Structure formats: C-alpha cells, structure tokens
Amino acid sequence: KNIPSLFEPLTIRGVIFPNRIFVSPMCQYSSDNGHATDWHLVHIGGFATRGAGCITMEATAVVPEGRISPEDAGLWTDSQIAPLKRIVYFSHTQGAKLGIQLAHAGRKASTLATWVKSSADRTRHVDTSIAFANEGGWPDNVFGPVNVPWSKGFPTPKEMTEGDLQYVEDAFIASTKRSALAGFDFIEIHGAHGYLFHSFLSPLTNTRSDAYGGQSFENRTRFFLRVVKAIRSVWGEKPLFVRLSASDWAEGPEKDSDGKWLQWGIEQTILLTGELKKLGVDLIDVSSGGNWAAQKIPVVPGYQVPFAEAVKKAHPDIIVGAVGAITTPQQANDILAEGKADLVSLAREFLRDPHFVLRAANELGVAVKPAVQYERAWPGVLARM
Ligand code: FNR
C-alpha cells in the first residue's frame, strides 16, 4: 500500500475520483454569449490530458444577468449544453471527472474583464469596472440582497423581491437539469467570494428586514438553503459540492460579546455546513473573502487551510476541500496526511504548471501513466532511455 494521501482515490456517491487533486474553477472570460468555446475545450482538455483527474469548470451563470462579465460562461439556455457536452466527453476519454460550478454573480455582475477594462479601444473613462450596455453589460439589471453596490465603480443592485428569488431558484433548477444533460459528474454551487449567495449569507451585506436577512442566521441562510435543497432534488443521487467563503476578512471579530453577528466567519460557516449536510451536500470547498471591499487577507502559503481544518473537525462526516496558495506536492499531501482536509484544489499552480499531477506523482513516488493518449498510441514510447 503506502499510497500518498493525494493519490488515494476518493469515492463520492459511487463516482470514483482518481486522486485528490482538483483543478479549482477558473473564469476564462472566453465564452461566446455564455457558450463554451474551443478555448474551454483546450484549457480543460489540456488538464485532462496531463493527468488531472478532477476538474471543476468555471463559475457558470444560471441567468445572463448573473454573469460577472459579458464573456462569462452560462447555462441558462439549451444551446449552451452541446459545447459543454463536448468538453465532458473529451475529459472522460482521458479518465478525468468533470464538474461545473453553477453561479450567480449578484451585485458583482456586469463588470468588465480586466483586459477589456484596460484595452486601448475602451471609449470612455476608465475609473469604473462597470460593463455598460454598449459593451455588452446590463448595469441596470443587477441584483443583490439590498441596493448597495459592492464597491465604488460597481453597478447599484436592485433589492431582490420574493419574485426575483423564485426566478433565481427556478434558474438554478433549470441549469442543474442542463448540467445533467451535458453529462457532468458533479455540480459545485458557488456560495463564496461575495457573489449572490455569499452576499445573502453575510450580516455585513444582507441588511434586509424581511425573512431573508438581518441579524438572524436563519434568515440570512434561508434563500441559499432553499436553492440548495431544490438543486439536490433535481440532481438526484450524484455528487453535490458547495464552495463557501469562511470569512469576510473585515476588521474585528465575527460577533461581539453580546452574540451579535458582525461579519461572516468560521463559526457561521460551521453552522451552515451542518444545515448543508442535512440537505445532502457531499462536500464543502472552503475558500474565503470577496464580499467586503475593505477586506484584509493575510495571504501566506495555505492561508485558508485552517478554515478547512475547522470545518473538518466540526463535521468529520462531510468531505472537505482545502484551497488557496497550495503550490507544492509535499505541502498538498501534508494537508491531507495530517487530516486537515480530504482533498485539495489548486488554481494558479495549474496555470503555472499544467502537469502538476504528474509532477506530484513523480515527487511522491507514485507510478502514473504519463498521458493516456501517448501511452495508448505507442505503449512504452515514453520510457526514459
Ligand atoms: C479564480 N477563482 C475562482 N473561484 C471560483 O470559485 N470560481 C471561479 O470561476 C474562479 N475564477 C478564477 C479565475 C482565475 C484566473 C483565478 C486565478 C482564480 C479562485 C480559484 O478557484 C482559487 O480559489 C484561488 O485562486 C486560490 O487558489 P490558488 O490560485 O492559490 O491555487
């Protein structure tokens, strides 16, 4: 035996993930009216051919106005299924499992991708992140828990009505059905980074006075739990993951000495995980931040791992993922070997080195096939002379 933890397969509801290194979701700003393009096939397919066994596709909007930028991925209409199905099919030929992150950007919607923002042909002043209508944006159709913008230079959201909440819930249900038709192995619901759900969860940003907001934890989590429950019921018996931010990283504590919640933090993350578990969520992918413009994040290697560890400790029976500034095979393997999480997700390191899984296998002394296709075409051809 003696397989390093990173290479212990992980089975979730009958789906076997070949290892515990996930490619973390990464927006590519490369979609065509929400449709995946050749870029996505090559980007995702490139990881699959290079040994990645578990990949989550980027934040994919369930309604057009739920995109971060006009170039974002979407799954709000049936014509978006086919290009995704092609990527799923290809990834499966390489032995990789592929999931999709379903999302709604909330009040961080209708912004410009960085390269568009800085492009020379942008015709108006550049002191704003807003994508205006003539740039493919929809700044007058942005939604949030209340009508407060994320930050200066961002669209002013409309406070969501009960009708708006129902519309978004229905859209998540429809996108879940489309995810099944595309053949995805798992869904991850984006509950992090200040997008719609996170903005509802946090007492900093959800100051509603109805049953969906305010000081009450139950109220702030109501909308998210309602949507998660609906997704679980149409997704059936397949793996369902949730990404959460475990902290707003605003200054000061999570709650004051009277027990008043001041910001979103690890205590509420642990409480929410308990509720998500009851709804049949299999995995919590523990990230942080993105909800508060004045956040101060002390980024050091593995800076979010203590959050994952705290969730794992409180809920040993839910699968927990660690993410954030994990860059070396040894570091990644230690996190799992020390029981702090069950898997790791890497984003930027996979961009620096798309061969990360093969590198990890080499460094940790695991024999893996270099690349399925080359080995299949010419068995033994890659053996070192
Ligand atoms: C991201 N991240 C991200 N997160 C998410 O939940 N959905 C997304 O679509 C994206 N998009 C995205 C694009 C790019 C280019 C980067 C670099 C990051 C965050 C990412 O998944 C991850 O959580 C962080 O990058 C921290 O991990 P690393 O990069 O330190 O391994």
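The values are calculated or read from the model by the stated rules, or taken from the named source; none is laboratory data. It should be emphasised that the depicted structure is a prediction, and the values quoted were computed from it without experimental measurement. Note: accessible area is taken over every heavy atom of the protein model, side chains too, but ligands, DNA and RNA are not part of it. Shrake-Rupley method; radii C 1.70, N 1.55, O 1.52, S 1.80 Å.
Near the amide H of Ser288, under 5 Å away, which other amide H atoms are found, from residues 5 or more places off or on another chain, if H is placed in the peptide plane?
For Ser288, the qualifying residues are Ala246.
Rounded to the nearest 10 Å², what accessible area does Asp170 have for a 1.4 Å probe in the complete protein model?
80
Quick one: Karplus J couplings for the stretch 87-97, per residue in order, coefficients 6.51, -1.76, 1.60, θ = phi - 60°, nearest Hz, x for Gly and Pro?
Each residue of the stretch 87-97 in turn: 6, 4, 4, 4, 4, 5, 5, 9, x, 9, 9 Hz.
Please state, rounded to one decimal and in Å, the Kirkwood hydrodynamic radius that the chain gives when every pair of distinct Cα atoms enters the mean of 1/r. Intermediate values should be presented prior to the final figure.
Values: mean 1/r = 0.0470 Å⁻¹.
It is 21.3 Å.
With contacts defined as alpha carbon pairs under 8 Å and 6 or more residues apart, what's the relative contact order of the chain in percent?
16
Take the alpha carbon atoms of the stretch 191-238, find their center, do the same for the stretch 295-329, and report the distance between the two centers in whole angstrom.
The distance from the Cα centre of the stretch 191-238 to that of the stretch 295-329 comes to 22 Å.
Once Rh for the stretch 1-123 is found with the Kirkwood sum over Cα pairs, what is the Stokes-Einstein diffusion coefficient at 10 °C and 1.306 mPa s, in µm²/s?
The calculation lands on 102 µm²/s.
Can you give me the pair-distance distribution of the stretch 34-91, C-alpha pairs, 10 Å bins, whole percents?
24, 52, 23, 2
Rounded to whole Hz and in sequence order, give me ³J(HN,Hα) for the stretch 140-155 from the Karplus expression 6.51 cos²θ - 1.76 cosθ + 1.60, θ = phi - 60°, writing x for Gly and Pro.
Result, rounded to whole Hz: 8, 10, 10, 10, x, x, 9, 8, 10, x, 4, 6, 4, x, 10, x.
Just to be sure I follow the rule: in the stretch 139-251, considering lysines 8 or more places apart or on different chains, how many pairs have Cα atoms under 26 Å apart?
4
Across the stretch 344-358, in residue order, what do the Karplus-derived ³J(HN,Hα) couplings come to in whole Hz, using 6.51 cos²θ - 1.76 cosθ + 1.60 with θ = phi - 60° and x for Gly and Pro?
Those phi angles translate into 10, 10, 10, 10, 4, 5, 6, 7, 5, 9, x, 8, 3, 5, 5 Hz.
Can you give me the long-range amide H partners of Thr60? Hydrogens built in the peptide plane at 1.01 Å from N, cutoff under 5 Å, separation of 5 or more residues or another chain.
For Thr60, whose amide H was placed from the backbone, the distant partners under 5 Å are Gln101, Leu102, Ala103.
Long-range amide H contacts for Phe17: which residues qualify at under 5 Å (H placed 1.01 Å from N, peptide plane, sequence gap of 5 or more or a different chain)?
Residues meeting the amide H criterion: Leu10, Thr11, Ile12.
Just check the stretch 229-382 against the gyration tensor rule for me: Cα atoms, a ≥ b ≥ c as the square roots of the eigenvalues, rounded for a/c under 1.5, and otherwise prolate or oblate depending on whether a/b exceeds b/c.
Since a/c reaches 1.5 and a/b is larger than b/c, the shape of the stretch 229-382 is classed as prolate.
Among the listed pairs Lys108/Lys296; Lys97/Lys296; Lys85/Lys312, which have their C-alpha atoms separated by more than 26 angstrom in this model?
From the list (Lys108/Lys296; Lys97/Lys296; Lys85/Lys312), the Cα-Cα distance tops 26 Å for Lys97/Lys296; Lys85/Lys312.
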